[in-house]
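S.K.: Take this structure first; my questions come after.
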Amino acid sequence: MNTNALETAYPELIRNAEAITDATPLTEQDRTLADWTIAHVALSDRILAAAARDLLVGAPVVVDNREAMDPATLNALISRTSHQERIALVRRNADYFTATVQCIPDHAAHTPVRLSLVDRDGNSVPDQHLPWDELIHVRATQHLPGHAARLAELARVLD
């Protein structure tokens, strides 16, 4: 499966995350938002890679984002890692996710995926079904650029 859009989106996100350092003078709220965003992306990619593996082996594909939205899970990841370690985790998870998606045959790209999602406040969103390739498109063209833009805005505090 073609991963060009993912391969374009991740470098910008990582570049923007790296523009924020431990020395960047952010408010506590902005630092928390940067930490949350980076940890959320790392956890989301792990969830999506697992879904891609399920697709490869012919198992039903469900994307459940609860772990990537769970405050306790996010806080645990943030508390046990540095900013740079979280960026490295995003890079590793993104590389693994992208490589797994590349292995998906084109004919399987239209496989329906059940999305079982919660919003940032922990509220369940009604389940949806989306073809795998559309999910990847949304990830690469909306979600990742949105997170990258948030990080870029936080990094501009120095400008």
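S.K.: Being in a helix (DSSP H, G or I) and either among the small types (Gly, Ala, Ser) or free of Cβ contacts under 8 Å to residues at least 24 places away in the same chain (or both) is the filter here, so list the residues in region 94-128 that pass it.
M.R.: Hits for region 94-128 are 94, 95, 99, 107, 108.
S.K.: Quick test for you: out of 144, 89, 151, 130, pick the one residue that is over 20 Å from residue 17 (Cα atoms) and surrounded by 14 or more Cβ atoms within 10 Å (Cβ to Cβ).
M.R.: 130
S.K.: Same structure again: Quick one: how many residues across region 66-88 are farther than 30 Å from residue 133 by Cβ and assigned to a helix (DSSP H, G or I)?
M.R.: Counting residues in region 66-88 that are farther than 30 Å from residue 133 by Cβ and assigned to a helix (DSSP H, G or I) gives 10.
S.K.: To continue, here is another question. Residue check: is residue 156 outside any helix (DSSP H, G or I), modelled with pLDDT under 95 and either touching a Gly at 6+ places or on another chain (Cβ under 9 Å) or of a type in the set (D, E, K, R) (or both)?
M.R.: So residue 156 fails the test.
S.K.: If you check residue 91 against the conditions, is it without any contact (Cβ under 8 Å) to a residue 60 or more places away in the chain and either part of a helix (DSSP H, G or I) or touching a helix residue (DSSP H, G or I) at 6+ places or on another chain (Cβ under 9 Å) (or both)?
M.R.: no
S.K.: Just to verify a result, which residue in region 56-86, among those that are more than 30 Å from residue 23 (Cα to Cα) and within 13 Å of the chain's Cα centre (by Cα), is surrounded by the fewest Cβ atoms within 10 Å (Cβ to Cβ)?
M.R.: So the residue we want is 66.
S.K.: Here is a follow-up. Cβ-Cβ under 7 Å, sequence separation 6+ or interchain: first residue in region 28-57 and more than 12 Å from residue 89 (Cβ to Cβ) and free of Cβ contacts under 8 Å to residues at least 60 places away in the same chain, partner part of a helix (DSSP H, G or I) and among the acidic types (Asp, Glu). Which pairs?
M.R.: Listed pairs, sorted by first residue: 47/67.
S.K.: Which residues, counting only those in region 9-55, are of a type in the set (Val, Ile, Thr) and either surrounded by fewer than 23 Cβ atoms within 10 Å (Cβ to Cβ) or in a helix (DSSP H, G or I) (or both)?
M.R.: 14, 21, 24, 27, 32, 37, 38, 41, 47
S.K.: Still on this structure, please answer the following. Could you please find all residues in region 104-116 being open to solvent by 40 Å² or more (accessible area, probe 1.4 Å) and under 28 Å from residue 72 (Cα atoms)?
M.R.: 114
S.K.: Against the definition (outside any helix (DSSP H, G or I), among the β-branched types (Val, Ile, Thr), within 23 Å of residue 128 (Cβ to Cβ) and out of contact with any Cys (no Cβ under 8 Å at 6 or more places or on another chain)), how does residue 63 come out, yes or no?
M.R.: yes
S.K.: While we're on this one: State whether the residues of region 94-101 include one that is out of contact with any helix residue (DSSP H, G or I) (no Cβ under 8 Å at 6 or more places or on another chain) and within 16 Å of residue 138 (Cβ to Cβ).
M.R.: No: zero hits.
The values are calculated or read from the model by the stated rules, or taken from the named source; none is laboratory data. Computed from a prediction, not measured in an experiment: that's the story for all the values here. When we count neighbours, we look across all protein chains shown, and the Cβ atoms used for this are built from the backbone with ideal geometry, even at glycine. Remember, those area values only see protein heavy atoms, side chains included, never the ligands or the DNA or RNA. Shrake-Rupley method; radii C 1.70, N 1.55, O 1.52, S 1.80 Å.
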